[in-house]
Each structure stands twice: as C-alpha cells, then as structure tokens.
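Reading through the structure tokens given below for one structure.
The values are calculated or read from the model by the stated rules, or taken from the named source; none is laboratory data. Predicted, not measured: the structure shown is a model, and the values here were computed from it. Here the Cβ positions follow ideal geometry from the backbone for every residue, glycine too, while neighbour counts run over all protein chains shown.
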Amino acid sequence: MNDMTNNNSNLFRYWGKATRGDAEWHPLLYHCADVAAVLQVLFERDARLLDRLHGLTPTFDRQRFEKLLLFFAFLHDLGKVAPAFQNMRRDIVKDAGGDPARRSREAHHTELGLELFEEAIRRALRGTHAVGSLDDLFDVLDPLASAAFGHHGRPCCSPNACDMPPLVREDAQAFFDEGLRLFPVDLAQLADEEAYLFRPVSWLFSGLLVLCDWMASGEGFPFIRDSMPLEDYLERHALPAAREAVTRSGVLCPEPHAAAGFGELLPHLPKGACPTPLQEFALREAARPHGQCLLIFEDVTGSGKTEAALLAAHGIMSRGDARGLYVGLPTMATANGMYARLNESYRALFEESPIGPASLMLAHGARSLHDDFLFSIGLERGRPSDGDQNDDESPDSGAFCTAWLADNRKKALLAPCGVGTLDQALLAVLPSRHQSLRLLGLGRNVLIVDEVHAYAPYTTRLLENLIAFQAGLGGSVILLSATLPLDVKQQLVTAFCEGAGITPPVLTNRPLPLATRVDAQDVEEHGLPSERSLKVAVKMTASREEAIARLLAVREAGGCAAFILNTVDRATETFDALARSVPPEDLILFHARFALGDRQAIEADVLSMFDKDSTREVRKGKILVATQVVEQSLDLDFDHLVTELAPMELVIQRAGRCQRHKRDWRPAGFEAPSVLVVGPQALPDAGPDWGKTELGTGLFVYPMPGVLWRTARLLETTGRLSMPEDARRLVEGAYALDDPDTPELLKSEDALQWIKTKGERSLADLNLLDFRQGYGTASANGVWHNDRLTPTRLGQPSVTLRLAIFEDGPLRLWGSHALDAKACALSEVSVLASRLMGLPDPEGVWKERLDALEAQLPDKGRWARLIPFERAGSDEWRCALPGWEGLRYSPGRGLGFQRKN
C-alpha cells in the first residue's frame, strides 16, 4: 500500500475546510475523500440511484462508470490548492508548515480546479501514443468535469493560464495522481468513447456532487490532522462518517409498501370506501412492465384524481421506476391544503424501515410559517425532539421531516415525499443557483402536477421543459386536470416524448373521464365510467346589483355563498357594498393583497367555515368575497356561487365549489347547485368596448375578449354546466379561434394576444436550460441567477412591501414584535410596482427610523421594502410617509390605494 506520508507529504499542508475564529482545519485530501465516501455510500445504500445514472449511459461498463464518478468526486475541490483559496486563511497555511504564496488572482477555486484538471490530464498522458487527440478525451469528460467543478451551484469556466507557482502545479498533479490511484480510471481508453457521452448524466451528477459536498462539510465529519494512507482514512474515518451522515440526512427513501391494497394505501379515506374507475386504472400501474411513463388523469373536480395519482405513483415506485414523489400545485394555499391531506396518510405508501420514516417536505416560500410542517422537523421516529407528545398521538403516524433536509429550501426536493408549488420544481430547469440539486430530487421521484391547466403560456412552456427533463432522466410524470384544452395536452405529451426519445402520438378529443398513458411502447387513451358529475344551473347577468341581491337572498335563507371576482380592487368594492347589509362576523374578504400573517388567518377561517366538515351552524349566513385564490384545489363547498365572467375552464373550476359535497340540508330556493355569472351579453355585433362596463379591469386579467365572448355565449345558450360530458365541448368551444360567429373586432384582439402568447413562449425558451447540451453549456443566455431572481411566471413587475407599525414606541414589524425571518415574512405583501410609481423616497426622521429597523432584520431589508403605518381608525392604518397617505391597510380588507379627489 502506498504510504502518502512518505511519497506525497506536501499534499497534507493544504487545508480543505476550517472553523471560523480559530486554527482548526481539515486537510484538503481528507475532505475530498469524505465527499467521495458520501457518494460511495449513496451508491451502496440506494442501488437504484446508480441504476438511474448508469441507465443514461447504458453502453458504458457499470463498474468503470462508478469508478469514474468517484474519481471526479475526489477531484471536485482540486482548485483549493491554489493560493487564491489557501491564502484566505494564512494562519492555517502557516500552522501547516507552508509558505504563504502571494495571492495570484481572484478566480474562484472551482474555475481554478477545472484548469488544473485539464493540465493534469495533459501531463498524465504526455509522451504516450495511446491517445490520438486530447480533444477527443476532453469532449468525453467535459460534461462530468463541468458537473464536478461546478458544485457550487452553477457551471464554471476555466480561467486559462493561471499564474500559480510551479510547486503548486506539481502538488495539483500529485493530487490528481492520488485520485487515479484511489479510483483507477483508464484515461486513454476513455478517449475512444462517443463524444459527450455523459451529457445526460451530468445533470444528475452535478446535483449529486452538491449533495455530497454539503454532507461532507457537516459536523458529522470531524477534523483529523494525522497523516495516513488515504485507503486507511477512507476505511477508518470517511466511510463510517458518511454512513451516519447519509442515514441521518433523510435523503434515503424507504421501500414502497409491498402488497398493499386500496384501503391500506389511502388510510385517510372512510373505511369501506371503494376505488373509482380512475383509481382502479391507477392501481394497475404496479403490474405494468418496467419503464417510465406519462399519465394524464382528466375528470371533474372532487372525483379523486389526487388519490388516483398517489396510487399510480406507488405503482411506479413498486416496479422500481421511482423512489418517491413530488406534488406540484399552483399556489402556496393549494400546497398547504395538499400537505394537510398527505400529513396523515403518506407513510402508508412506504414500508417501515430501520432508517426511519420517509420525510414529508413542504416546499414553498412561506413554509417556515406552517406550524404543522415546523412541528414535523426534528421528530425522531415520530416523537417530538423536546419529548412533548400528546397521549393520543401515535409516534408511528403523522408527518416527519429531518432537520437536515429542512434547513435549506434548495434541499426541499430531495425528500422522498414532497408537496409544494410547481415553481419550486420549475427552478430545476432554469439557470438558477443549485438547480441541479432540485433536478436530482425530482429525477428519482414521480413528478405529479395538479391543476395543470392553471398556468399562463410562459409558465406552461417551462412546464413542458420540466417534463422533457424528467423524461430525459428516465423519470415518470402524472398530470391532473378537470379542464385541460387538447392543444395544451398535446404539447405536454410531445414534451415528454421528446425527452424520452420516443415518437409523439397524435391525441384524440375523447370525452371525460379519461386516463391517458404514454410510454415507449404505446399510447392508451382509456375512457372511464363517470362516478361523479357536476350539474349546475347557470344564469348570466350584467347587473352587479342582481348579484348582490342573490347573495343576500342565500344569506336570508340560512345558507352560505361566495362571490369570486377577477381583481382585488373589484373584490374590495364588492365587499364594501355588501358590508352595508351584512355584519362583519358574517362577511369575509379573501385575496392576495394581505400581509402573509393575516392571509394565513383568513385562509384558515375560510377552510373551517366552508370545507367538507363544516356544520350548518358554522356556515349559516356567511358570505365570502374572494379572487382567484379559491378557484384551485381548495376543498370548499358553498350553497350558491356568484362569479364574474372568466375563461370557460375557470368558470368550470369555480362552479366546482358549488354544493361540492352531499349535505343533509340546503337553503330553501337553493336546494340544487346554481351559479350566477356576472358579465356582458354575447352580442353578435360586440365592439372594442365590449365588457368594459361589466368587467372593468378584469379584462386586463383575461385579455382575450373572443374567448370571454364565446364563454358567455356558450353559458347563455346552454344554461347549465353538465360535467364531465360537456367538458370538452365547452372548453374547446371557448377556444375555437375559427368560430364564424365571433365578432371580427374580438377576433382581431384574440389574434394579437396569440402573438403575445408566442412571444411569452419564446421568452421562456431564452431562459430555459437545454437538456441535450448537458450541465455547463445549457443556459441559452449564459447567465445564472439566485433562485429568488429567476422568473417562473411572467407578469407586471411587483414589489414586496414589509409592513411596520409606528404607535406608542419604536417602529416594529406588523406581524410580530420579534425581528426574525418569520416576523418579516408574516409582515409582507406583494404589490404591483406601478402602484408605487411617483411616490417620494423617505427622508429625514423617517429614513432614520426605517434604516434603524432594517439594520436589525436578518436580511437588512434586502428582499423587501419597509413601509411604516400609523393608526387611522379602529381597524385601518395609513402609511406614515409624507406623500404616501393614500396607501392604507386593514387586517380585514388588506392593502388598498385611496384615489385622490
């Protein structure tokens, strides 16, 4: 065995990681061995992970492939031998017996490592005739090198001709040779492989290197200064520490629950519940041949599509094609609702395991405010970390999440089971820092996207790319919708097929319920019997007064109702009109322009008043005025519904909240589901001002007047919504651009909007990563952003305001007297930047007060604009800044803007 203490003792004077404030440090050689050890343990503990990676390069020998990945894992921090890194801690260099060299340049150690790696290969093969061209070898290795040396979250480029001292270059070569000795790789033989063979693998390998580096940099890897052969260090220190770290991290996934039936897999359903036809279809997924697939489940709201997706995901996991699942939803509110549904049931999808329960992750920007999720962190085998536990709580049930996974939002998608916003998943295919870590988590899991129809063209194009990446990495996808237009469905299927390398099928326009399955062998469009129907009487009106009268009539009859409007301002105006007749305790306003703490409280009240289990007494006389925040995925039930006119698929979604559940009692006159739609009449000679009186600013939210006109006409002529049998006819009819009856002026407006749609999709293409190019060269514009700045949706520019209170003492945050990140988040609300145009910057004493408070906040005001408010009434606050008096806030009405007279 080669004894490094004799042959390469110089390498022990390079430090790899260190503590702040003292001279405790860990040799670079050992840290790189730690990272390789973590990767080796991941391969040992999760053979399917290596299977997935090798499946992307099936022609390459598996054993050679594993050694090659371990070799690059060892070399990932090669650039840290450079003075640019070492002299960041001159005290350590001196302690290690080295001579601090001058700091030659400011290039990052990842870039320096890539240059030293390329130089080391040239020197290693110098004088040999085994390789005809080094360029061929670099073409083969470049994707893996980009992944390994780009482990800080984005690709790096070699800085070229770095002027490092000759001794450092010699040590870098010795470091490289140690890697070859520890993990033997035949470099000359690699040059004969196909150029860019490893491009697909590089996406997952990049994420793996980030994961391994983060684990190996944790407290579980003690600092060891004693020099010893690397083989001894690996066996005695690195591998034992890696096994413990991997186990405690929560990234390992228990095996799927074997031989489990319908009731066992979905314990949250009532006892004795039977599967629907769609769920029966999903249950058969486990018996399918091995291989990835795309599933699309289309059925009416409330038909059990989510449960069908969980069953299908379990089937895909059971046959070895995935390890876990992630559910992506349109909003934080819908993600919270899905988290609550999975909380008590997700463990049934997995076997009990000695590594502990699977972690259930909540992935969105406000998860730190979700009490149930916070409670799940730090539980050890189901028990609270502080020892407190109610007697009626089972330690073997409920949500669990390891602290390691939860301590960084970028790790969220690594959990075996996750639910969150789709945006968190979309960041995996955008040039966002550490996107590869997200992609690693998604790639081994089943990706489930609910409400897939709910996204604008830009975000839909991002979703297509996400599906293509998932397919390219060998993963499976499940899409859910009640109102998915055929052209959008075809685009999503084509994206999957292109990623998987199969010929896209041409889909048919079959009626709902429908289960579509696409794999490498075939496409199956399976019509299903309908067990749930949505039959709602529809009436159109242009009168807002009639709408208010209808809401009051439901209230007088002892029922509850909702009015869904298209903008916050129109919702607030309607709320104020109703407030003249309805007492405050019976009237609720719900929209997106509340401080997050207030919005969460309102959301909880809405769910308790109108969910499946709400009682007649709780619901009696209640009226909810809301925007689109209630139209997706929230399980709400109203006796009657009023809505402003919107595109057909959204009207159907909103109507699904009318008498959603069977109840013993409905108010007199409203015994059957009915919806009143407020909007303009579909006049055959509609002109450019059509709908402005009835919908106002709502026309800017849904700017295709032809779609709205055809929706109004279909609703007028049909007089009811009969789902699922009418779903295709109504949705496709609303989007029939060639409809001969649509007024020409509205057709022209639609044509302009379609041009805009194409522009949005083209903009998405500019931002997207390209799977075919591999990690490192796939960003269309070459720019990688912080994930807070990477756009997953288009819209007018917005500003996050952080509300503060000035009253009886120093300035404090709206949401709490504390000054931590949670208090900041509870106090924040987003508004259009245009609303604040022309308002003066704070000066004088107000600037001093705001600066003083910002200096005490965790982000120092970096991510939000601090705005002070002072009391203007019992339940109203006005902005205290001079010139900003028109900005008002109320915990019951949200943020508003008073117009100047």
Matching residues in segment 353-379 - criterion: being within 13 Å of Phe400 (Cα to Cα) and assigned to a loop (DSSP other than H, G, I, E, B): Ile355, Gly356, Pro357, Ala358, Ser359, Gly378, Leu379
Unique match (being part of a loop (DSSP other than H, G, I, E, B) and surrounded by 13 or more Cβ atoms within 10 Å (Cβ to Cβ)) among Gly861, Gly838: Gly861
Taking the options Ala161, Ala120, Ala174, name whichever one is among the aliphatic types (A, V, I, L, M), more than 38 Å from the chain's Cα centre (by Cα), at pLDDT 85 or above and farther than 22 Å from Phe65 by Cα. Ala174
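Among Ala23, Ala84, Ala47, which is touching a Leu at 6+ places or on another chain (Cβ under 9 Å) and either of a type in the set (A, V, I, L, M) or not assigned by TED's automatic domain parsing to the domain that holds Ser202 (or both)?
Ala84
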Qualifying positions in segment 614-638 - closer than 16 Å to Gly337 by Cα, in a loop (DSSP other than H, G, I, E, B) and either charged (D, E, K, R) or modelled with pLDDT under 90 (or both): Glu631, Gln632, Ser633, Leu634, Asp635, Asp637
Taking segment 468-479 as the region of interest, how many residues are touching a residue at least 40 places away in the same chain (Cβ under 8 Å), in a helix (DSSP H, G or I) and touching a Leu at 6+ places or on another chain (Cβ under 9 Å)? 3
Pairs with Cβ under 6 Å, 6+ apart, first in segment 836-862 and assigned by TED's automatic domain parsing to the domain that holds Trp884, second acidic (Asp, Glu) and outside any loop (DSSP other than H, G, I, E, B): Lys860/Glu854; Gly861/Glu854
Can you confirm whether segment 216-226 contains a residue that is under 26 Å from Leu53 (Cα atoms), assigned by TED's automatic domain parsing to the domain that holds Leu125 and out of contact with any Asp or Glu (no Cβ under 6 Å at 6 or more places or on another chain)? yes
Could you please find all residues in segment 400-445 being out of contact with any Ser or Thr (no Cβ under 6 Å at 6 or more places or on another chain) and part of a strand (DSSP E or B)? Cys417, Gly418, Val419, Gly420, Thr421, Asn445
Could you tell me which of the residues Phe638, Phe594 is crowded, with 23+ Cβ neighbours inside 10 Å, touching a Cys at 6+ places or on another chain (Cβ under 9 Å) and closer than 22 Å to Phe575 by Cβ? Phe638
Residues in segment 707-719 that are surrounded by fewer than 16 Cβ atoms within 10 Å (Cβ to Cβ) and on the phi < 0 side of the Ramachandran plot: how many? 3
Which of the residues belonging to segment 582-608 are assigned to a loop (DSSP other than H, G, I, E, B), more than 20 Å from Thr643 (Cβ to Cβ) and in contact (Cβ under 8 Å) with a residue 12 or more places away in the chain? Phe594, Ala595
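Table: residues versus (1) touching a helix residue (DSSP H, G or I) at 6+ places or on another chain (Cβ under 9 Å); (2) of a type outside the set (Gly, Ala, Ser); (3) over 21 Å from Tyr233 (Cβ atoms).
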position: His26; (1), (2), (3): yes, yes, no
position: Ala37; (1), (2), (3): yes, no, no
position: Phe43; (1), (2), (3): yes, yes, no
position: Arg48; (1), (2), (3): no, yes, yes
position: His54; (1), (2), (3): yes, yes, yes
position: Gln63; (1), (2), (3): no, yes, yes
position: Leu69; (1), (2), (3): yes, yes, no
position: Leu78; (1), (2), (3): yes, yes, no
position: Ile92; (1), (2), (3): yes, yes, no
In the set Ala260, Ala322, which member is hydrophobic (A, V, I, L, M, F, W, C), buried (at least 16 other Cβ atoms within 10 Å of the Cβ), out of contact with any Phe, Trp or Tyr (no Cβ under 8 Å at 6 or more places or on another chain) and assigned by TED's automatic domain parsing to the domain that holds Val518? Ala322
Residue check for Pro688: modelled with pLDDT of 90 or more and assigned to a loop (DSSP other than H, G, I, E, B): no
Would you check which residues across segment 319-336 are at pLDDT below 95 and either among the aromatic types (Phe, Trp, Tyr) or part of a helix (DSSP H, G or I) (or both) and list them? Met332, Ala333, Thr334, Ala335, Asn336
For segment 337-349, how many residues meet the condition of being farther than 13 Å from Phe400 by Cα and either of a type outside the set (A, V, I, L, M, F, W, C) or not in a helix (DSSP H, G or I) (or both)? 2
Limited to segment 770-789, what total is found for residues that are among the small types (Gly, Ala, Ser), at pLDDT below 70 and part of a loop (DSSP other than H, G, I, E, B)? 3
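Take Gly220 and decide whether it is closer than 16 Å to Gly16 by Cα and part of a loop (DSSP other than H, G, I, E, B).
yes
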Do we have Ala245 as closer than 21 Å to Ala415 by Cα, in a helix (DSSP H, G or I) and of a type in the set (Gly, Ala, Ser) here? yes
Lone qualifier among Thr790, Thr800 - being of a type in the set (Val, Ile, Thr), out of contact with any Lys or Arg (no Cβ under 8 Å at 6 or more places or on another chain) and touching a residue at least 40 places away in the same chain (Cβ under 8 Å): Thr790
Say whether the condition of being under 23 Å from Arg52 (Cα atoms), among the aliphatic types (A, V, I, L, M) and not in a helix (DSSP H, G or I) is met by at least one residue in segment 480-497. no
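Quick one: is Leu234 farther than 21 Å from Tyr14 by Cβ and among the aliphatic types (A, V, I, L, M)?
The answer is no for Leu234.
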For residues that are farther than 24 Å from Phe350 by Cβ and under 28 Å from the mean Cα position of the chain (by Cα), scanning just segment 213-263, find the one that is modelled with the lowest pLDDT. Gly218
Checked Ala107, Ala73 against criteria (at pLDDT 95 or above and under 30 Å from Leu204 (Cα atoms)); the one match is Ala73
